[in-house]
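Some notes on the structure that comes next.
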Amino acid sequence: QATRASTVGRGHGNLGCLMGALCSLHPSRSIHSIKHAPQSFSSSIRAAPPADALQSIDSDIKSCTRTPSDPAPLSPGESFYGMSCEKEPTVQVVRAETMSLEDIIPLLQEQTCGSEVAEDFQNTLKTIAHILKDGVGGIIIVVLQEDIFREQSDNMAYLDGGKLTECWRSVAKNVHADGAKFGQMLSAFTAHSESDRWEQADVNRLLKNFPELEGSTDLEGHAKDGALVLSHRGTVKKAATHLKYPGTSYQLVKADGMSAGTRHASALAFADQLARPGLSPVGIVFARSDAGGAHIFIPRYDREPLVVHFETQRHADQAQMLDKFKDRIMKVGRLMRKREPVLVRKGKLGERVVTLISGRVTSDVTIKDDHSVVVRAPTCDQELYVLQQSKFEALYITPGADIDSLDDPTMISPFLLSQRRQLQERGFKLYHPKPDQCRWVYKITPEDSKLVPTGCFMSSWGAQQPFREGDYLGMPAPERFATEIYLMPAAAVGSYVDVDQDEYERRQTARHLTQADMIALFKDKIRRLGRPMRKSRLMPIRPAVKGERIKTIVGGRITSDNVVEDDTSVVIQAPDTGDQYILPRDKYILNYEEEGCEITGDTPENKLLRSQGFRLHRPRQTNRRWVYELTAADVAQIHTGWFESSWGSLQHAETGDCLAMPEQGQTEEVYLMPAKVIPHYSAVRNSASLISL
């Protein structure tokens, strides 16, 4: 009875044998539920008497309760007929061993030598192993004896209604008779697809190799995933199939110590299901990873499958990409910098971020630390991607601007206002790229594709990226930073502008200009060509609070970022743009009338300003300055694009911005005035006092 029961309970190892024996000895009682197989069992326990056997496993049973008919506690050595065991399943680790394919082939022959169809079986296994070794792309291939295929057919469901199987069998029915075509079909099936479905480009490449399929294939939009099933003679039985199997208590650990993913877990579980009594397995399962490397799963009766790993062709890594393309990119590529600001928020541990551009997945990353950020690009796709905090800070100006400070909400449509509110709730802020952060951008040519035969390469952050003609490669500049190459789809290049090589080289060795530099460089030009202007509007002003931080944001650009260091300074808010800045008391007294008036009106903005202590103050008639608009030639003289203000902030100058300089008698300084604030000023009609200087 124990022998017969072992076949029924094979999936539970020797526990199934023991339970069968117990039931046969006590036919009037039954086992309600056994959820685990204690690993302490040995094969010698198979015929052990019930009481002795139960003593040996008592320590493994953590939570057993009787049925209501017999509620007394379980005693050691007592039989558990009529009881329900609630212990959770025990996971048994199966470790893969790495071997060369030359050593694996004899192992496969040894494992299958007892089969009646050994010669055909071994020939097919050897052929599949070599095909997997010479290719790339994730796939499960199951090789089954014919009778076992018929038995397991219901456990293999089509993911595409059988469309790929029909195509495959029409052009490469057998791996031996149609070897080259079989390899082409396998390459087409395992080629990287951003959507894990057949896209039009995939179908076009397939038809290029197999024009005879024209008009008979309807693969577009269908799943480009699942297993390929062959007979032991190498005949294609099913393609793009979902393997069904009962739950398994095995967990695969690869030779490198990493846990396996879902593809390999499925292969392991299905192989375990194929175990049968006898000397030879009735089927063997292969699984190749997207990143390279393959595993073979050999079923073994009454124990875990034997798993061996061998190396395969792999996608180009960063070292190989740099070796092949670094010099070419630097020589032929365009030097560019990012122009548009981006939205950035803090990443979350365990969060998965998929980068989707024009319907293509170009990166798929799960955040594995607490110091990454998620960037939302300024393209029409508004794709998301992940950057390390250190890398982000090197590329963008910090701190960022709060989204609600960018524009007057009344000027934004309800749709955009709602979207902005949702972005704020997710923690996004606006950051501008640093103008000195450049990269080379290189367009991939047809000749380049020959250097990356797999059609993909691995990014520095571990994502598999497609390599296609017409896309672009990005590489940081200057050369000392050229340590990685990454994909830049054509849609993303639009947010970049070209950089003059000579100007860029000057900036690499330049320093930011000081106030003394700016006065020496622009003082005469500002006085000679600038417009005399004065602030003409009432300005909301409040006392500053020592220790508070004030960021001046104009048009989404941070033009100043300071912490109040005394109790006498004031905070001024621009009436239209809402940007705020700090003014020391001496400058405040010089430029504004001290006696202010209350802000009236019941608008939400006025109520908020009153609650924050703002009052309206009139600019003094002497609050005058020269305002000069910067040309491209002027900006080129500010070699890094940045200069130091008199209050210690770094200010970034762009063509079209203005430089301002106070009239005679005031502190001599030069500071930035973005074009957006010019409407706050009016021309000085009688400019004698200015001109006299």
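The values are calculated or read from the model by the stated rules, or taken from the named source; none is laboratory data. Note that the structure is a prediction, hence the values are computed from the model and not measured. Please note: Cβ atoms are built from the backbone with ideal geometry, for glycine as well, and neighbour counts cover all protein chains shown. Surface accessibility is based on the protein's heavy atoms, side chains included, excluding ligands, DNA and RNA. Shrake-Rupley method; radii C 1.70, N 1.55, O 1.52, S 1.80 Å.
Once the 1.4 Å probe is applied to the protein heavy atoms, segment 461-547 comes out at 48 Å² accessible per residue. On the beta carbon distance between residue 196 and residue 576, with R0 = 56 Å, the FRET formula returns roughly 0.65. With the simple model of a label 7 Å out from the Cα in the direction of the Cβ, residue 90 to residue 393 spans 4.9 nm.
Among the trypsin sites (Lys or Arg not before Pro) found in segment 432-504, those both in a DSSP coil and sparsely packed, with 13 or fewer other Cβ atoms within 10 Å of their Cβ, are 450.
Looking at segment 240-280, the trypsin sites (Lys or Arg not before Pro) that sit in a DSSP loop and have at most 14 other Cβ atoms within 10 Å of their own Cβ are 244. For segment 101-148, the fraction of 1.4 Å probe accessible surface lying on carbon and sulfur atoms is 42 percent. Full extension of the segment from residue 291 to residue 319, taken as 0.36 nm per residue of separation minus the current Cα-Cα distance, would add 8.5 nm. Global size of segment 542-657: 16.1, 48 Å for Rg and Dmax (C-alpha atoms, Rg to one decimal, Dmax whole). Per-residue Karplus couplings for segment 647-662, computed as 6.51 cos²θ - 1.76 cosθ + 1.60 with θ equal to phi - 60°, are listed in order as 9, x, 7, 8, 10, 9, 9, 10, 4, x, 6, 10, 9, 10, 9, x Hz, Gly and Pro entered as x. Among the GluC sites (Glu not before Pro) in segment 187-256, those located in a DSSP loop and surrounded by at most 10 other Cβ atoms within 10 Å of their own Cβ are 214.
Each 10 Å bin from 0 upward holds the following percent of the Cα-Cα pairs of segment 113-165: 18, 41, 36, 4. For segment 575-592, putting each phi into the Karplus relation 6.51 cos²θ - 1.76 cosθ + 1.60 with θ = phi - 60° gives couplings of x, 9, 7, x, 6, 10, 8, 9, 10, x, 4, 5, 6, 4, 4, 5, 9, 9 Hz, in residue order, rounded to whole numbers and with x for Gly and Pro. Using the Cβ-Cβ distance between residue 157 and residue 447 with R0 set to 45 Å, the FRET efficiency works out to roughly 0.55. Look at where the Cα atoms of segment 582-638 and of segment 108-185 average out, and the two centres are 78 Å apart. The fraction of accessible area contributed by carbon and sulfur in segment 506-610 is 50 percent, rounded to a whole number (1.4 Å probe; ligands and nucleic acids excluded). Label-to-label distance, residue 636 versus residue 611, with points set 7 angstrom from Cα along the beta-carbon direction: 5.2 nm.
Gain on full extension, evaluated as 0.36 nm per residue between residue 303 and residue 97 minus their Cα-Cα distance, stands at 72.5 nm.
The distance between label points at residue 205 and residue 326 comes to 2.8 nm (points 7 Å beyond Cα on the Cα→Cβ vector).
Probing with 1.4 Å while keeping every protein chain in the model, the per residue accessible area of segment 617-682 equals 39 Å².
Average accessible surface for segment 126-200: 41 Å² per residue, computed with a 1.4 Å probe over protein heavy atoms with every protein chain in place. Evaluating 6.51 cos²θ - 1.76 cosθ + 1.60 at θ = phi - 60° for every residue in segment 353-360, the Karplus couplings come out as 10, 9, 8, 10, 10, 6, x, 10 Hz, glycine and proline recorded as x. Ligands, DNA and RNA left out, the accessible area of segment 228-274 computed with a 1.4 Å probe is 47% carbon and sulfur. Using a Förster radius of 45 Å, what is the FRET efficiency between residue 150 and residue 351 based on their Cβ-Cβ separation? Nearest 0.05, please. Approximately 0.50, to the nearest 0.05.
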